[in-house]
Amino acid sequence: MNKQLLAAFRRSKLTNYQLAAQTGISNSTIGRWVRGETDLAISNAEKIATAIGYQLKVVKCG
């Protein structure tokens, strides 16, 4: 999920700062995610997906 969401964020042409402003997620958290230093909480992934025009869908496996 992280790789797909990150690729979609990069295609959106938003800056980290703009994404932070739209989602309420701190700029430092977004920066750590973009640099691959941390994974996103599901709640933050959902906020980012919405901000860039996607819908996050969680599916139970098994």
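Read-outs throughout are calculated quantities, based only on the coordinates presented, and are distinct from any laboratory measurement. Owing to the predicted nature of the structure, the values given are computational and were not obtained by experimental measurement. We place every Cβ from the backbone using ideal geometry, glycine too, and count neighbours over all the protein chains shown.
Here are a few things to note about the model shown:
- Using a simple spin-label model with pseudo-atoms 7 Å out from Cα toward Cβ, residue 41 and residue 57 lie 2.6 nm apart.
- Projecting the Cα atoms of 30, 61, 40 onto the dipole axis of the chain, where Lys and Arg carry +1 and Asp and Glu carry -1 at the beta carbon, places 61 farthest toward the positive end.
- Averaging the sequence gap over all C-alpha pairs within less than 8 Å and six or more residues apart, then dividing by the number of residues, gives the stretch 2-51 a relative contact order of 41 percent.
- Multiplying the residue separation of residue 15 and residue 3 by 0.36 nm and subtracting their alpha-carbon distance yields 2.6 nm.
- Cα gyration tensor shape for the chain, rounded if a/c is under 1.5, else prolate or oblate: prolate
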